[in-house]
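What follows is a short report on a single structure.
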Amino acid sequence: MSPALVTFPDLPLSSESPVGRPCVLVIAMVRAGGYTVCPLARPLLATFATITVIIKCFKSIKIVMICRMTNIAPPTSGVQLVEVAPELAGQRIDNFLFTYLKGVPKTLIYRILRKGEVRVNKGRIKPEYKLKGGDIIRVPPLRLPERDEPVPVAQGLLQRLEAAIVYEDKALIVLNKPAGIAVHGGSGLNYGVIEAFRQMRPDAKELELVHRLDRDTSGLLMIAKKRSMLRHLHEALRGDGVDKRYMALVRGHWETAQKRVNAPLLKSNLRSGERMVEVNDEGKEALTIFKVLRRFGDFATMIEAKPVTGRTHQIRVHTLHAGHCIAGDTKYGDEDFSREIRDLGGKRLFLHAYMLTVPLPDGGELKLQAPVDDMWAKTVERLSAP
């Protein structure tokens, strides 16, 4: 068969045409029942921001036209009803939507959750709602601006995170997250740890955060590579199977060697949009067990914190409630104390997830420890100097 040039005499192609501008004629190979785009036309595809394929049938012949569209938003998706598969039971609704609505900004997902536009079994739910098999999720129509490829993560950060991995197998990654890096994008951030790892591990299609660490908190962070591992660890986290220990440098002389702080925590949002947590009888139950690791006279104490529950900012608020705020905490801390620590070189939040024990699906147990960074170590060394 010889190549044929396809034209469209009945198709409006003015600058006002909804099809877009300019139109591109496609070299096609005539075959029985239709036309196929030749290899000569393929390089054209890379030059177009968006490709629209219009198929018109004239008897048994299909004509395919490729044209360029500029600055045209994709159509609204319409309301979607999604049934939750049994293997997704236990996953938070926000995490489910992050995966289901890939590319949608997390700020938008939290907004439609907050406004009640996402429904489960016809009822409103909170972002922390845990899905059940058979749940029917209503996803509202979303209209998004046209976007190119996701913003690539800086190579330096990718290398830094790759070097931070302390454990990896076919189902799990554990890294020693540096302070100052968010675990996920949103709130003005294009990317975080999870977006970086999706770029680093493109073949791992089910990468998900198992839990979170605050942006300024360093330490052990788990990322599941398989849905089965995510479900297993979420179940372990809901019980008492996962043992997480943090290290913190706090103000003053912590009197008792061991202390239990059992104080309910309530979240609230300020007018600025900033999230704050406070001890409040109307809040959720929260328990942290503290142990003294080292004292620096009456000035500061290094403590271990074991959160029995997993509330937002739990350790930071419980140390404040106990009268010993954490060094470098700009939200709940003491500026005078933090300034003295900064003068020693400690320009960070002194909270580090240093120990982790998790049960594995095969019945084994994974025990990991993560060292503090150089800034932390040198600050403690200067604190210890006579």
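The values are calculated or read from the model by the stated rules, or taken from the named source; none is laboratory data. As the structure is a prediction and not an experimental result, all values here were calculated from the model. All Cβ positions, even for glycine, are placed from backbone atoms using ideal geometry, and neighbour counts span all protein chains on display.
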Residues Arg251, Arg295, Arg245: which one is touching a Ser or Thr at 6+ places or on another chain (Cβ under 7 Å), surrounded by 14 or more Cβ atoms within 10 Å (Cβ to Cβ) and among the basic types (Lys, Arg)?
Arg295
Has the stretch 199-209 got at least one residue that is of a type outside the set (D, E, K, R), farther than 17 Å from Arg92 by Cβ, part of a strand (DSSP E or B) and at pLDDT below 95?
no
Residue check, His232 against (1) on the phi > 0 side of the Ramachandran plot; (2) not assigned by TED's automatic domain parsing to the domain that holds Pro359, all met but one. Which one?
(1)
Scan the stretch 199-214 and report the pairs whose first residue is farther than 24 Å from Lys244 by Cβ and not assigned by TED's automatic domain parsing to the domain that holds Pro178 and whose second residue is small (Gly, Ala, Ser) and part of a loop (DSSP other than H, G, I, E, B), with Cβ atoms within less than 6 Å and a gap of 6+ or a chain change.
none
Could you pull out the residue among Glu304, Glu340 that is of a type in the set (D, E, K, R), at pLDDT 95 or above, farther than 23 Å from Lys244 by Cβ and out of contact with any Cys (no Cβ under 6 Å at 6 or more places or on another chain)?
Glu340
Against the definition (surrounded by 17 or more Cβ atoms within 10 Å (Cβ to Cβ), small (Gly, Ala, Ser) and free of Cβ contacts under 8 Å to residues at least 24 places away in the same chain), how does Gly192 come out, yes or no?
yes
Could you say whether any residue in the stretch 215-230 is at pLDDT 95 or above, in contact with a Lys or Arg (Cβ under 6 Å, 6 or more places away or on another chain) and over 17 Å from Ile303 (Cβ atoms)?
yes
Whichever residue in the stretch 361-386 is free of Cβ contacts under 8 Å to residues at least 24 places away in the same chain and assigned to a loop (DSSP other than H, G, I, E, B) and, among such residues, is nearest to Ala163 (Cα to Cα)
Gly364
Those residues of the stretch 337-367 which are surrounded by fewer than 17 Cβ atoms within 10 Å (Cβ to Cβ) and more than 15 Å from Leu249 (Cβ to Cβ), in sequence order:
Thr357, Leu360, Pro361, Asp362, Gly363, Gly364, Glu365, Leu366, Lys367
Among the numbered criteria (1) of a type in the set (Ser, Thr, Tyr); (2) under 21 Å from the mean Cα position of the chain (by Cα); (3) more than 30 Å from Leu207 (Cβ to Cβ), which single criterion is violated by Thr301?
(2)
In the stretch 271-285, which residues are loosely packed, with under 13 Cβ neighbours inside 10 Å and either out of contact with any strand residue (DSSP E or B) (no Cβ under 6 Å at 6 or more places or on another chain) or in contact (Cβ under 8 Å) with a residue 60 or more places away in the chain (or both)?
Arg271, Ser272, Gly273, Glu274, Asp281, Glu285
Does Glu278 satisfy being in a loop (DSSP other than H, G, I, E, B), over 28 Å from Glu365 (Cα atoms) and assigned by TED's automatic domain parsing to the domain that holds Ile303?
no
Tell me yes or no: at least one residue of the stretch 90-103 is free of Cβ contacts under 8 Å to residues at least 24 places away in the same chain, surrounded by fewer than 16 Cβ atoms within 10 Å (Cβ to Cβ), outside the structural domain of Val210 (by TED's automatic domain parsing) and closer than 26 Å to His232 by Cα.
yes
Look through Thr301, Thr288, Thr309 and report the one residue that is without any contact (Cβ under 8 Å) to a residue 60 or more places away in the chain and either touching a helix residue (DSSP H, G or I) at 6+ places or on another chain (Cβ under 7 Å) or in the same structural domain as Pro178 (by TED's automatic domain parsing) (or both).
Thr288
